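The values are calculated or read from the model by the stated rules, or taken from the named source; none is laboratory data. Computed from a predicted model, the values in this text were never measured in an experiment. Reconstructed Cβ throughout: ideal geometry from the backbone, glycine too, with neighbour counts over all protein chains shown.
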Amino acid sequence: MEFRSYMDQALIEARVAAARGEVPVGAVVVAPSGEVVARAGNRTRELCDPTAHAEVLALRAACAAAGSERLLGHDLYVTLEPCPMCAAAIANARIARLYYGASDPKSGGVAQGPRIFAHTQCHHVPDVYDGIAALEAERLLKEFFAAKR
Ligand SMILES: [Zn+2]
């Protein structure tokens, strides 16, 4: 099957999050059929919830739609390297492939910091593809934080 990136849809969610005043990070979950089953952007401020990261919200919605706490064969696209909390949630959800955009030296938990998937306590490790549309994801974040100053 031909590879198709869903990062453009995650970037749309990131832009919508920025418009809400949230840190512009977006995520989509794709079923094995290629159908997008969940999409979300950060909502930590709106929901007063420090766990309301785009990845967590997308995983919750996809699990609710699937009627299962596991998303076997599903892929997750997110515009920014997941933090340790989201990386753990991705492992717990048994996501098959993780595609992310910009790396996050400050809060990332996949390629740096805690490197969640490298821990022996991590029971499921997705295939990880980084740097997907990274420049656009970085540009959104830089613009957002520049406007805050
Ligand atoms: Zn996170």
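Overview of results
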| item | result |
| --- | --- |
| Hey, V56 farther than 16 Å from Q9 by Cα and at pLDDT 95 or above or not | yes |
| Options V37, V78: the member that is at pLDDT 95 or above and closer than 18 Å to A18 by Cα | V78 |
| Verdict on L135 being buried (at least 23 other Cβ atoms within 10 Å of the Cβ) and among the hydrophobic types (A, V, I, L, M, F, W, C) | no |
| Region 28-51, subset in a loop (DSSP other than H, G, I, E, B) and in contact (Cβ under 8 Å) with a residue 40 or more places away in the chain, residue nearest to the ligand (Cβ to nearest atom) | A31 |
| Any hit, region 52-66, residues being in contact with a Lys or Arg (Cβ under 8 Å, 6 or more places away or on another chain) and either loosely packed, with under 12 Cβ neighbours inside 10 Å or assigned to a loop (DSSP other than H, G, I, E, B) (or both) | yes |
| Which listed residue, of E22, E2, is part of a loop (DSSP other than H, G, I, E, B), more than 15 Å from D130 (Cα to Cα), of a type outside the set (S, T, Y) and modelled with pLDDT of 95 or more | E22 |
| Counted residues, region 127-149 - those being in contact with a helix residue (DSSP H, G or I) (Cβ under 6 Å, 6 or more places away or on another chain) and either free of Cβ contacts under 8 Å to residues at least 24 places away in the same chain or within 20 Å of R60 (Cα to Cα) (or both) | 0 |
| Residue match in region 105-114 (condition: under 15 Å from A137 (Cβ atoms), of a type in the set (D, E, K, R), touching a strand residue (DSSP E or B) at 6+ places or on another chain (Cβ under 9 Å) and within 13 Å of the ligand (Cβ to nearest atom)) | no |
| Within region 67-87, tally of residues that are more than 16 Å from the ligand (Cβ to nearest atom) and either surrounded by fewer than 19 Cβ atoms within 10 Å (Cβ to Cβ) or not in a loop (DSSP other than H, G, I, E, B) (or both) | 7 |
| E13, sole failed condition from (1) touching a Lys or Arg at 6+ places or on another chain (Cβ under 7 Å); (2) away from the ligand (no atom under 16 Å from the Cβ) | (2) |
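Residues are listed down the side, and each one gets a yes or a no for (1) under 16 Å from the mean Cα position of the chain (by Cα); (2) closer than 23 Å to R4 by Cα:
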{"site": "L76", "(1), (2)": "yes, yes"}
{"site": "I90", "(1), (2)": "yes, yes"}
{"site": "G101", "(1), (2)": "yes, yes"}
{"site": "I116", "(1), (2)": "yes, no"}
{"site": "T120", "(1), (2)": "no, no"}
{"site": "V125", "(1), (2)": "yes, yes"}
{"site": "D130", "(1), (2)": "yes, yes"}
{"site": "E136", "(1), (2)": "yes, yes"}
{"site": "A146", "(1), (2)": "no, no"}
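To keep it simple, each residue is scored yes or no on (1) of a type outside the set (A, V, I, L, M, F, W, C); (2) under 11 Å from L80 (Cα atoms); (3) assigned to a strand (DSSP E or B).
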residue	(1), (2), (3)
G108	yes, yes, no
F117	no, no, no
Q121	yes, no, no
H124	yes, no, no
A137	no, yes, no
E143	yes, no, no
